[in-house]
Amino acid sequence: MKFSKKGLPVLSLLVLLVVWQVMAVFLSSSLLPTPAVVAKVFWRECESGQLPYHLGVTLLRLVVSFSVAMLLGCALGIVFGRNKQLDAFFDNWLVIFLNVPALVTIILCYVWFGLVESAAILAVVINKLPNVIVTIREGTRTLDQDLLDMARSFHFSRRKTLIHVIWPQLHPFVMGATRSGLALIWKIILVVELLGRSNGMGYQLHLFFQLFDVASILAYTIAFVAVIQLIELLILKPLDKKSLRWRR
Amino acid sequence: MSDIQINIHSKNYPAIGQASHHKAIKDFKLLLRSGEFVCLVGPSGCGKTTLLNIIADLDKDYEGEILVGFEQAQPKIGYVFQNPRLLPWRTVRENLELVLGSDQALVNIDHLLEVMQLTQSQHVYPERLSLGMSRRVSIIRAFAVDPDVLLMDEPFVSLDAPTARQVRELLLRLWQDRSHTVLFVTHDLREAIALADRLIFLSAAPMRVITEVTVPVPRADRGDEKAIEVFRQQLLNDYPEIKQLL
């Protein structure tokens, strides 16, 4: 049988649903509710406004910490990639921060700065930042020297060189850091919320865990995954397409 | 426009790894008169590109000086590299507009595109251009900044003969239109004779000037391959040391 390219993903999702349904019916336990039950819970939570509120709070944290980490990471990555001495000096720092467990930075941030919003954001940023720096630094090292020489001989300003010569070459690396960054950050945010905030997805999941409310946990998870998929589909994919249109 | 005096006492590359210390240029002197088309002819690897990079201020690690008029200054450069070096993510026109400062007019570009027969392709991305077209774009880019001196580093290498001739003719048309000072590097003597007012013959590394010859062939006859061939034979007879260089 032949499926069109678009049909295949839909089919695979359907199969996943069927497997879930069969398992749930077979086990018939409150620990694995059927898709229908989860959908009902999802609808109830949406109507009460609980789910949109907590999802919104988490997304806001995601946007803020992601933006800060990407901006700082790109700037530092370019600097380290271009300046060998700075890179040699800070390389050890990077390795250390890359290897500190996320949980440790979260706990330390809360201990040092209190259970406040800024501490939560800081913890997420510290977890993501070294990743971005390393990716962008690798990208900067592969910059085409011929094009940089061209820019210099025609007296491009620093701004012009950055926008028109360096940035387009870094684009694949930035997109890579964005994708892996989103996946990493939202997982860390849930832990941050679980440990020290009184709203957001992580806080809610913690609550449901204490009540053994699996249907709600699944409903929230599906909502969140759907949102992340939408970000990919509506923001990242079009960005990719737009900036790669010069390729043959 | 002023004359440009280039004096390079020495340029060395330090030893790195297996490669030993390399003397690229030694006691090199050259005067470029305003509006003159000068061809540098020398064996490959003799240091011609190094020289152009020094003049373009891409390489600051040398002993010597570059004088514009009588002052030590950085002449305004239009550089045509050996490979076209266009930004692949910008269209032909965007590539050209980028090199212009905010004070320079855009009108210029339309005219240059017209002369180089690229008006049709101005909104195309460089990856869709043939090599000959890319080369033409990079020549326009160098002219567009209205430079004190145009540096051209074998811009016709690896073009097939008819394309090379076409681009050469277009280049000459543009140059006569504008009359810039041009420093043109090649190892093809015929090409040099067809283009230059003056030929400078260079030794193998460390590079220095062996001899220089003014080309007597009138501009009108430069398209005539016979006239060029006659002068080439005469050159080879008069200066037997040139033969070893080519």
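Charge tally for B:ARG208 (other residues, Cβ to Cβ under 9 Å; Lys, Arg +1; Asp, Glu -1): +1. Seen through its C-alpha gyration tensor, with square-root eigenvalues sorted a ≥ b ≥ c, region A:60-205 comes out prolate because a/c lies at 1.5 or above while a/b is bigger than b/c. For region A:49-243, a crude dipole built from +1 on the beta carbon of Lys and Arg and -1 on the beta carbon of Asp and Glu, taken about the Cα centre, is about 480 debye to the nearest 20.
Peptide B:88-99 shows a mean partner chain C-beta count of 3 within 10 Å per residue C-beta.
Counting lysine pairs in region A:49-243 whose alpha carbons fall under 30 angstrom apart, excluding pairs fewer than 8 residues apart on the same chain, gives 13.
Quick one: putting +1 on the C-beta of Lys and Arg, -1 on the C-beta of Asp and Glu, what dipole do you get for the protein assembly as shown around its Cα centre, in Debye to the nearest 20?
Numbers: 51 positive and 45 negative charges, 290 e Å.
That gives a dipole near 1400 debye.
Write down the percent of antiparallel bridges among all DSSP beta bridges whose residues are both part of the protein assembly as shown, to the nearest 5. Walk me through the intermediate numbers first.
On the way: 23 of 42 bridges.
Percentage antiparallel, nearest 5: 55.
Answer rounded, prolate or oblate for chain A, using the Cα gyration tensor with square roots of eigenvalues a ≥ b ≥ c: rounded when a/c is under 1.5, else prolate when a/b is larger than b/c, else oblate. Taking the square roots of the gyration eigenvalues as a ≥ b ≥ c, chain A is oblate. As a proxy for reagent exposure, ranking B:PHE201, A:PHE208 by other Cβ atoms within 10 Å from fewest up yields A:PHE208, B:PHE201. Per residue of peptide A:142-153, the mean number of Cβ atoms on other chains within 10 Å of the residue Cβ is 5.
For region B:9-118, the relative contact order is 16 percent, taking Cα pairs closer than 8 Å that sit 6 or more residues apart in sequence and dividing their mean separation by the residue count.
Report the one residue of B:ALA194, A:THR178, A:LEU194 whose Cα lies farthest in the direction of the positive end of the charge dipole of the protein assembly as shown (charges on C-beta: Lys and Arg +1, Asp and Glu -1; origin at the Cα centre). The residue sitting most towards the positive pole is A:LEU194.
If you restrict to DSSP beta bridges whose two residues both lie in chain B, what percentage is antiparallel, to the nearest 5?
55
For chain B, the tally of Lys pairs with Cα-Cα distances below 23 Å comes to 20, considering only residues 8 or more apart or on different chains.
Once the other residues with Cβ under 13 Å from the Cβ of A:LYS128 are scored (Lys, Arg +1; Asp, Glu -1), what is the net sum? Before the final figure, lay out the partial values.
Values: positive: A:ARG61, A:ARG179, A:LYS187; negative: none.
Result for the neighbourhood of A:LYS128: +3.
Read the figures in this text as sums done on the coordinates, not as results from a lab. For clarity, every value in this text was computed on a predicted model and none was experimentally measured. We place every Cβ from the backbone using ideal geometry, glycine too, and count neighbours over all the protein chains shown.
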